[in-house]
Amino acid sequence: MKRLAVWVMTLLLAVGVSGCKTEPDTCEVECNFECVDILTDPLNCGGCGTVCPAGTTCELGGCQCPGTNELCEGVCEDVMTDRFNCGGCGVLCTFDSQCVAGECDQYLEPYGTLSIDFTTTFIFDGARFFADATYQSDNWAAGVTESGVATGSYGAGTSIPGPSATNTLAFAQRFVADANRGDRIEFDQRSYQDAGYQTAANPNVRVIFPSDDLQNQSYAVDAGDLAESVSPWVFVFNQVTSLSICVLAVASGGTLAVTAESTTDLDGGTLTLQATDLLLYHPTNTPYGDITMDILPMGIPICDIE
């Protein structure tokens with residue numbers, strides 16, 4: 001029996017108990033019965049089971065991002081331009097500055113400012129407001145404010161509403177989810193050069209909430225959250241044709257106070273919006289740099305700087 005035990009032990013040593021396909025003395029680390037190189041294996045980077053996030057590689061046992069990017073909380077961030085990770089993970093630039101070459105740049109001059117003081121006792125069904133004249137007429141008095149409630153200026157001092165505006169309408173609509181966005185509440189201010197509301201007078205204002213379930217609170221207005229659909233999107237836009245617009249400015253910096261009731265109803269509900277001196281920036285020059293690519297997926301082009 002003793003001889004049999006010695007023979008079995010000799011056989012085990014010959015085939016290798018580690019499960020490695022190479023010789024035992026060349027297998028430095030074994031993970032799940034396989035030899036791995038923890039210096040380069042993205043599934044076992046630096047140790048068994050340590051998986052590198054998408055877009056990274058395993059180098060010298062650490063997950064590495066490409067180029068000048070750094071791995072910040074599991075995501076590759078460009079520390080040369082990212083305002084939230086400027087020069088390194090977690091280094092935050094103030095809302096009125098931008099990250100340039102890994103350093104928080106000095107104060108970025110806004111393109112303009114915008115204040116809002118709007119109240120409605122009727123939120124329109126967005127699918128019916130322009131399509132159903134009777135519906136629009138029946139609820140006009142409760143839902144439409146016939147004056148400029150979003151005011152300010154931009155560029156070289158162009159006023160909001162614009163200098164050619166003789167009539168301005170402000171109203172809120174609720175939209176159900178479509179292919180691009182979910183259920184949402186939108187505020188619109190549109191100006192016209194004529195009493196019949198046929199000829200647009202630029203600029204106009206739009207606020208888009210990424211949900212229809214609005215709470216009584218102050219919302220931070222932050223252009224850096226456009227892609228994540230966290231903050232309300234506050235735009236100043238030009239009407240290019242009857243069916244198309246372009247974004248002239250986006251607000252980033254300040255808060256929008258909301259008082260709301262029954263905003264998830266198909267129509268009806270009440271809404272009050274109040275904001276003072278929201279900072280406006282042209283989309284190509286914001287505290288987050290050029291955010292054009294965050295806006296274009298919404299199907300809205302960018303206006304030239306005026």
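Annotations
- Taking the conditions (1) surrounded by fewer than 17 Cβ atoms within 10 Å (Cβ to Cβ); (2) modelled with pLDDT under 90; (3) of a type in the set (S, T, N, Q) in turn, Gln98 satisfies each one other than (1).
- Applying the set (1) touching a residue at least 40 places away in the same chain (Cβ under 8 Å); (2) assigned to a loop (DSSP other than H, G, I, E, B); (3) more than 14 Å from Gly112 (Cα to Cα) to Val230 leaves exactly one unmet item: (1).
- Residue that is modelled with the lowest pLDDT, among those in region 280-306 that are more than 22 Å from Ile185 (Cα to Cα) and part of a strand (DSSP E or B): Gly289
- Put simply, of Asn180, Asn238 the only residue that is surrounded by fewer than 21 Cβ atoms within 10 Å (Cβ to Cβ), touching a residue at least 60 places away in the same chain (Cβ under 8 Å), under 21 Å from Phe130 (Cα atoms) and touching a Cys at 6+ places or on another chain (Cβ under 8 Å) is Asn238.
- Condition met for Ala249 (in contact with a Cys (Cβ under 9 Å, 6 or more places away or on another chain), touching a residue at least 24 places away in the same chain (Cβ under 8 Å) and within 19 Å of Gly152 (Cα to Cα)): yes
- Scanning region 56-88 for residues that are part of a loop (DSSP other than H, G, I, E, B), farther than 20 Å from Pro42 by Cβ and under 20 Å from the mean Cα position of the chain (by Cα) yields Val79, Met80, Thr81, Asp82, Arg83, Phe84, Asn85, Cys86.
The values are calculated or read from the model by the stated rules, or taken from the named source; none is laboratory data. Predicted model only: the values in this text are computed from it and were never measured. Please note: Cβ atoms are built from the backbone with ideal geometry, for glycine as well, and neighbour counts cover all protein chains shown.
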